[in-house]
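Contents: one structure, followed by commentary.
The values are calculated or read from the model by the stated rules, or taken from the named source; none is laboratory data. None of these values were measured; they are calculated from a predicted model. Quick reminder, even Gly has a Cβ in these numbers, built from the backbone with ideal geometry, and neighbours come from all protein chains shown.
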Amino acid sequence: MKSVVTTVIAAADAAGRFPSSSDLESVQGSLQRAAARLEAAEKLAGNLDNVAKEAYDACISKYPYLNNTGEANSTDTFKAKCLRDVKHYMRLISYSLVVGGTGPLDEWGIAGQREVYRALNLPTAPYVAALSFARNRGCAPRDMSAQALTEYNALVDYVINSLS
């Protein structure tokens, strides 16, 4: 799994050197932000179903045509799958917060996503809308500390950018 530590070590190893002082500063910065990331992961995990459902509902409100016959959200099965996908992204964001890197998102959420959505003829804009809502819904200090919210938002933006 890719994290800041494994990325630094792999880059130094590939270059045939020991980690440099800037490499170690990167690791130290990640470790200093660990408490905020873990806070964000804990808050997200404790409210994952609600956050995902609100994001899904916001997405459907923005794109109501998806409920039309033959569209991506037209049956109960499709609706359940769309909500499942939103939950999947949120869960991977939580995992990435814990490991301190984008490894879980890269390996289990982003790799091949465009090809899958293209093959299934699924639009990505609704997922972007759902994730944007989840990002904008967060409020410090109501939901989590400002630093935890910053860590969370960075990963949500990472997924949004991969879908855009």
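Against the test of being in contact (Cβ under 8 Å) with a residue 60 or more places away in the chain and crowded, with 17+ Cβ neighbours inside 10 Å, the options VAL8, VAL51 yield a single qualifying residue, VAL51.
Can you work out which of the residues in the stretch 3-24 that are of a type in the set (D, E, K, R) and in a helix (DSSP H, G or I) is farthest from VAL99 (Cα to Cα)?
Top of the filtered list is ASP13.
Quick one: would you say ALA40 is closer than 28 Å to HIS88 by Cβ, touching a residue at least 12 places away in the same chain (Cβ under 8 Å), touching a helix residue (DSSP H, G or I) at 6+ places or on another chain (Cβ under 7 Å) and hydrophobic (A, V, I, L, M, F, W, C)? Yes; evaluated as a whole, the condition is true for this residue. Any residue at all in the stretch 52-74 that's among the β-branched types (Val, Ile, Thr), touching a Phe, Trp or Tyr at 6+ places or on another chain (Cβ under 9 Å), part of a helix (DSSP H, G or I) and in the same structural domain as LEU131 (by TED's automatic domain parsing)? No, the stretch 52-74 contains no residue that is among the β-branched types (Val, Ile, Thr), touching a Phe, Trp or Tyr at 6+ places or on another chain (Cβ under 9 Å), part of a helix (DSSP H, G or I) and in the same structural domain as LEU131 (by TED's automatic domain parsing).
Among the candidates SER20, SER3, SER74, SER61, the residue that is surrounded by 14 or more Cβ atoms within 10 Å (Cβ to Cβ) and without any contact (Cβ under 8 Å) to a residue 60 or more places away in the chain is uniquely SER74. For GLY138, state whether it is modelled with pLDDT under 95, under 24 Å from GLU42 (Cβ atoms) and out of contact with any strand residue (DSSP E or B) (no Cβ under 9 Å at 6 or more places or on another chain). In short, yes. Of the listed requirements (1) over 19 Å from CYS139 (Cα atoms); (2) in the same structural domain as LEU97 (by TED's automatic domain parsing), ALA10 misses just one: (2).
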